[in-house]
Amino acid sequence: MMLTRLADADQESCGGKATMLGVLLRAGLPVPDGFVIPKADPAAGNMKITRSLRAAVTAELVRLGDPVVAVRSSATGEDGAEASAAGQYESVIGAQGTESVCDAIETCRSSAHAPRVDHYWSRALPAAAPPAPGMAVLVQRMIAPDASGVMFTPQQAGDPTRIEASWGLGLSVVGGTVTPDTYEVQPDGSIAYAVGSKQTRIDLDAERGSVTTRTVAADQQRARALDDRVVKILTGLGSRIAEILGGPQDVEWAVADDAVWVLQARPITARLPATRTSTLPLSPQALQGTPGAHGVVTGGARIVRGPSDFQAVQPGDIVICHYTDPAWTPLFRIAAGVVTETGGALSHAAIVAREYGIPAVLGVPDALNLIENGSQVTLDGTAGTITPL
């Protein structure tokens, strides 16, 4: 079969991401409909869109009503129980029409060759062979959300549900470009929250077939992205997803016109640090952020403002940056720890740091100016602190 409808997705031909969404769609959960281009081997050189595949894509888009779509990778090994490959492959948001969608499919397929992908797998699974080549591509109806984000269902009995949320598309939360709201829902249903700065938002630009970033008004920065009712709906949905898929799940979700949508679900690959940390007094010089990845390390602080600074990072350095991009993944093989000015514990950067076993602290305001380049610091990823020495 040239294409597979999302509800019929299977692991062998459609990859983990599409397969898990297909399971949830069949179970009646609110998953945007779509279809899957089954796996192709990037090494075989068959990444181009054939005439017959183009015709099949056209037919499926007609079936869906020619919507704006998200085109995303569903590669072999991606979204697995041992490694997520979070953010390593390309996605294209806002494609519409056969030509645009086919171009996006080729973009996703070609991302299998990105150097960061090889770097990721060699570090995430050092004792195992990298996943067999194969790239399926998932095409789904696009949701233009009011708010969106990530949810981690409880990893052990008694753990809370953890939710991070911001305005607009979830790209800002998973990409760590904002410090999101955080919500913790205890087993008894009680909700604790902290409002993040949420200074920017990313929204769909349907006319251009892409996304746009804009500044959030001051009153919206200070406002909660989610009320208690939606938090409770998400928590219940998370419980059902974990039950259906057989274990704790990392869930991407969106809220649009009061409807909650499930955009992705994958196993949680490494344990989160607790939000609530020690009540011991901090050093007066210590900076505090969100605990992102367990561990304590001392090393030289290395300010990284962009790719031009990569060559200055030496083994054992602690990278201090505004936020990390997937292209920065090779730095995680060198750095002893990571500090960001924005982002939360459920962002791709934090997930990769936990998988790599290096401590991370997220959302430390003005860290690039408050930490001197080359100075010695101690980073405690479990407590969420950076202490100059």
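Where a number appears in this text, it was derived from the coordinates with a stated rule and is not lab data. Nothing here was measured: the structure is a model prediction, and the numbers come from that model. Positions of Cβ are generated from backbone atoms using ideal geometry, with glycine treated the same way; all protein chains shown enter the neighbour counts.
Couple of notes before you dig in:
- Computed from Cα atoms, the angle from the helix 98-110 axis to the main principal axis of the chain rounds to 50 degrees.
- Between 0 and 90 degrees, the angle of helix 228-245 with respect to the longest Cα principal axis of the chain falls at about 70 degrees.
- Of all DSSP-defined beta bridges confined to the range 226-379, some 60% are antiparallel rather than parallel.
- Rg [Å, one decimal], Dmax [Å, integer] - the range 193-351, C-alpha atoms: 18.4, 53
- In this structure, the amide hydrogen of residue 303, modeled 1.01 Å from its nitrogen in the peptide plane, lies closer than 5 angstrom to those of 320, 374, counting only residues at least 5 positions away or on a different chain.
- When the chain is treated as a Gaussian network with alpha carbon springs shorter than 10 Å, the biggest mean-square fluctuation among 190, 239, 110 belongs to 190.
- Three-way shape call for the range 24-113 based on the alpha-carbon gyration tensor, with the a/c threshold at 1.5: oblate
- The distance from the alpha carbon centre of the range 121-192 to that of the range 248-309 is 11 Å, rounded to a whole number.
- For the range 61-171: rounded, prolate or oblate by the Cα gyration tensor [a/c cutoff 1.5]: oblate
- Charge tally for residue 241 (other residues, Cβ to Cβ under 12 Å; Lys, Arg +1; Asp, Glu -1): -1.
- Sum of -39500 (n - 2.57) over DSSP H runs of 4+, divided by residues of the chain (222 nm, nearest 500): -7000 deg cm²/dmol
- Of the trypsin sites (Lys or Arg not before Pro) found in the range 220-323, those that fall in a DSSP loop while having at most 14 other beta-carbon atoms within 10 Å are 271, 276, 305.
- Figure legend: label point modelled 7 angstrom from the Cα of residue 99 along Cα→Cβ; residues of the range 188-210 with amide N under 20 Å from it are 205-210.
- Residue-count net charge about residue 336 - beta-carbon cut-off 14 Å; Lys, Arg +1, Asp, Glu -1: +1
- Taking Cα atoms only, the orientation of helix 51-64 departs from the longest principal axis of the chain by about 80 degrees.
- Within the shell defined by Cβ-Cβ distances under 14 Å, the residues around residue 34 carry a net charge of +2, with Lys and Arg each +1 and Asp and Glu each -1.
- Packing-based ranking of 71-77, 294-300, 143-149, 204-210 yields 71-77, 143-149, 294-300, 204-210, ordered from highest to lowest mean Cβ neighbour count within 10 Å.
- Fluctuation leader among 334, 93, 233 - the chain, Gaussian network, Cα springs under 10 angstrom: 233
- Under 19 Å from residue 17, Cα to Cα: aspartates and glutamates that are on another chain or at least 8 residues apart: 8, 33, 41, 78, 79, 82, 90, 106, 243, 250, 252, 355
- For residue 216, distant residues with modelled amide H under 5 Å away: 200, 201
- Sequence-distant residues sharing a close amide H with residue 256 (under 5 Å, placed H): 146, 261
- Three-way shape call for the range 267-389 based on the alpha-carbon gyration tensor, with the a/c threshold at 1.5: oblate
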